[in-house]
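For reference, the structure is listed below as structure tokens.
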Amino acid sequence: MAHLLRQPKPAKDPPAKPPTKLPGNLRVIIVGHSSPRWKGAKNKRDADTKNYELSEQRMDEVQKIVDVRLRSLLGDNATIIYERVYYPGQPRVGELPGEARVEGHARGSRESLRHAKGNRSSDDQGYRRVDVFIDDTARTEHYKPSYENERRKLTSTRWGVTVGVSAGVVAGAAGSLLAIRLKNLETGRTGDYHLIAGGGGAKVGIGVSAPFDDSYTEFQTSRPVGFEDFDGALTRYTSFSVGVVFLGYEKAYISFLGMGPDAVSIDVGGFNYGAKLELGGAVTAGKLSMSGGAKGMDDYTVPTLKDNPYQTRDEASHFHSAFFDTERALLSPSRRTELRKFVNASAARFRDAPR
């Protein structure tokens, strides 16, 4: 985590990630037609019914060929919706992400009779067809990166401790007032605490001492913690002092209980100076309290790279008419080949669309 704080000032124009191709969308609209003529029909209604059923079968034939071809060419890289149109103004089927169109291509299977001006004997090839519309949308996600300042709470397992001032009280019942400074060795920040501890031990005298230097004793916690985790932490201070008026030596250990085995019996002793006359030792315990400079010290402003993604769409529409032989529901081999070539070309454009 420390490297986030020590990194050089970020560049003004950070490099962008390569664009990402997103699954595209295809709407396949199928409109079935049949010629007005139907030999052997009992009446007009019977002819219309048979022509309607035939147009359904032709739509099934075309949709099966188109679907097999698209799936083999595109796999899972596209969402495909099939829409079969029967009458003008028919509601759309389903919704596709990023789809721009609102209205479908409504042609209908009953239009051939109208175009033939009511001539029920008409069997022109143009009426025996299925129209296929493939509307595709190729989507791409692009990135416009930027650096933004983000507030983060950073913790550490590497710490340093020094005891700043200690005051000991007299005979029999020992008590201590400790000024403790902790340093996050990952970030270099420091926080001040005080400990008022009461305890017992054979100790005679009274005095005040300060550290001989400003060195820190390193220790580790068993889990990442911050300055605020030490506020209220149960702390034990064990000392043995020999002192004269201006100079003394103190053998001392401090333990932050509950912070792990390496946070116990940390050697913080050494030479100290001050007005002091003391002989003896003591074990004292109490809870740490923040005395300024530590609260909120775990929060940092870190420059963070944001991708800022945005999408672009490339849309196209493709059209093909598949023509059927009279009263046939299956395409001839040559017509099937033409339909497959159309689907191949549509799929290739979709795969190679600008991104």
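The values are calculated or read from the model by the stated rules, or taken from the named source; none is laboratory data. Since the structure is predicted, the reported quantities are computational estimates derived from the model, not experimental observations. Using ideal geometry, Cβ is built from the backbone for each residue, glycine included, and neighbour counts are taken over all protein chains shown.
Phe230 - would you say it is assigned by TED's automatic domain parsing to the domain that holds Gly160, in contact with a Leu (Cβ under 7 Å, 6 or more places away or on another chain), crowded, with 18+ Cβ neighbours inside 10 Å and modelled with pLDDT of 90 or more? Spelling it out, Phe230 is indeed assigned by TED's automatic domain parsing to the domain that holds Gly160, in contact with a Leu (Cβ under 7 Å, 6 or more places away or on another chain), crowded, with 18+ Cβ neighbours inside 10 Å and modelled with pLDDT of 90 or more. For region 325-338, does any single residue satisfy the condition of being modelled with pLDDT of 85 or more, of a type outside the set (A, V, I, L, M), in a strand (DSSP E or B) and crowded, with 16+ Cβ neighbours inside 10 Å? Checked against the condition, which is being modelled with pLDDT of 85 or more, of a type outside the set (A, V, I, L, M), in a strand (DSSP E or B) and crowded, with 16+ Cβ neighbours inside 10 Å, region 325-338 yields no hits at all. Do we have any residue at all in region 249-268 that's surrounded by 13 or more Cβ atoms within 10 Å (Cβ to Cβ), at pLDDT below 75 and either within 30 Å of Tyr143 (Cα to Cα) or of a type in the set (Asp, Glu) (or both)? Yes, region 249-268 contains at least one residue that is surrounded by 13 or more Cβ atoms within 10 Å (Cβ to Cβ), at pLDDT below 75 and either within 30 Å of Tyr143 (Cα to Cα) or of a type in the set (Asp, Glu) (or both).
Tyr300 meets the conditions (1) closer than 30 Å to Gly32 by Cα; (2) in a strand (DSSP E or B); (3) of a type outside the set (Gly, Ala, Ser) in every case but one. The failed one is (1).
Given the structure, is His142 closer than 30 Å to Thr79 by Cβ and modelled with pLDDT of 55 or more?
Values: closer than 30 Å to Thr79 by Cβ: yes; modelled with pLDDT of 55 or more: yes.
It is true that His142 is closer than 30 Å to Thr79 by Cβ and modelled with pLDDT of 55 or more.
From the residues in region 54-91 that are more than 42 Å from the chain's Cα centre (by Cα) and of a type in the set (Phe, Trp, Tyr), which one is modelled with the lowest pLDDT? The qualifying residue modelled with the lowest pLDDT is Tyr87.
Take Tyr300 and decide whether it is under 31 Å from the mean Cα position of the chain (by Cα), under 30 Å from Pro18 (Cβ atoms), at pLDDT 75 or above and aromatic (Phe, Trp, Tyr). Judged against the criteria, Tyr300 is not a match.
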